[in-house]
Structures are given as structure tokens and as C-alpha cells.
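Here's the structure, in C-alpha cells; my notes come after.
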Amino acid sequence: MTAIDQLREIFHLLAGLLVWPVLLGLVGLAATIVIAIGAFAREAWDRRRGRFQKLAADQARLDAVPVSIDHEDYALQLEQTLQQAERGRWLSLNRLKLAVRVGPSLGLMGTLIPMANALQGLAEGNLPALASNMVTAFAATVVGLSISVAAYLLAAARENWVRADSEALAFHAERLSRRATPAPVRQVS
């Protein structure tokens, strides 16, 4: 056995070890997207009905910032609370954007690994192994691309919600800050 044959065997072994984590990753990511679709549908329903529960909760957190004597300190606390709320919203959106990229990658890996086994089955004349591996390969591609498309559509809609909510929160924080601004002292002459 030559060095290149040994290298091929190592690659084949590594690919064989990766097949289960890749396929389980696809299943886990698909389940996550199904849950995300349900959460999205629920939030879309609530928003259509005029119920903005997350926005109201974040506004309540801004309202709960204690008004201090020092206006600059109060403004900084408002800003910190506002940034924490926005960071949480963008974090959940970034998870969806990650699925947009990871779904097709896992799908491609889930396609190519069984294809190698299918070609080996073809070379050996084992048609049932060829057919079984080809079914797995094409299913992995479809699942990976479906995950990506669903995650992209969810992320696009959620991004609009995040931007609108961020603007509403910034406006609410500005209104609170102006309310707490001490009135200028007038001197009587």
C-alpha cells in the first residue's frame, strides 16, 4: 500500500466518523428551525393583534431605571439598559443567520459523505448500498437547504421587527431622559 493509498484510507475513515455528527446536526438544526417557526408564528400573531410583549417588557425595564439626582448618571443607566435590550434582540437574530449558513454546509457534508460510500458500493457491485447511500445523500441536501431557506425568511422578518422595536425603545429612552432633565433655574432680577 502506497503513502497516497494510506492517506485516502485516513480520509475515508475521517469522513465515516463525521457522518453521524453531521446527520444528527441536521436533525437538531431542523428541530430548532421548527421551534423557531412556531415562535415566529406566535409573535407575528401577537403583533398583528397589537400585543408587543417583548417591547413592553423592555420599556418596563427602562421605566424601572431609578431616576438619580445626577442627570448624566441617569442617562448612562438608560443607555446601558437600552443596549442590553438591543443586544438580546440581535443575539436571537444572529442565531437564525447562523442557521442560514450552517444548514447548507451540513447538507453538503451530509451529501458528500454518503456519496463516497455510494461510489464504493457501485465499484463493488453492491446496488442496495448504492441506493441507500444516494437516498441519504439527497435527503441531507434537501434538509440542509430547507433549513437555510426557512432561517433566511425568519431572519428577514425578525430583522424588521428588531429595527422597529429598537427605534421605539430609543424613542422611549429619550422621552424618559427628557422628563428627568432638571428645569433650568431662572434668576430673578
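Can you find, among Ala31, Leu7, Val67, the residue farthest towards the positive end of the dipole of the chain? Put +1 on the C-beta of Lys and Arg, -1 on that of Asp and Glu.
Val67
I'd like the orientation of helix 53-63 relative to the chain: the angle between its Cα long axis and the longest Cα principal axis, in ° from 0 to 90, rounded to 10.
So the inclination is approximately 40 degrees.
Quick check: the angle from helix 3-48's long axis to the longest principal axis of the chain, C-alpha only, nearest 10 degrees?
40
Would you mind calculating the relative contact order of the chain from Cα pairs under 8 angstrom and at least 6 residues apart, reporting the percent as a whole number?
Values: 142 pairs, mean separation 55.8, N = 189.
Computed value for the chain: 30 percent relative contact order.
What size of dipole, in debye to the nearest 20, comes out for the chain about its Cα centre when the only charges are +1 on Lys and Arg C-beta atoms and -1 on Asp and Glu C-beta atoms?
On the way: 19 positive and 16 negative charges, 147 e Å.
Its charge dipole is roughly 700 debye.
Could you go through segment 145-155 in sequence order and give the Karplus-derived ³J(HN,Hα) for each residue, using 6.51 cos²θ - 1.76 cosθ + 1.60 with θ = phi - 60°, rounded to whole Hz, and x for Gly and Pro?
Here the 3J(HN,Hα) series is 5, 5, 4, 4, 5, 4, 5, 5, 5, 5, 5 Hz.
What is the Cα centroid distance between segment 76-99 and segment 2-58, reported in whole angstrom?
21
So how tilted is helix 71-124 from the main axis of the chain? Cα-based, degrees 0 to 90, rounded to 10.
10
A short reminder: the numbers here are calculations on the coordinates, not readings from a lab. As the structure is a prediction and not an experimental result, all values here were calculated from the model. All Cβ positions, even for glycine, are placed from backbone atoms using ideal geometry, and neighbour counts span all protein chains on display.
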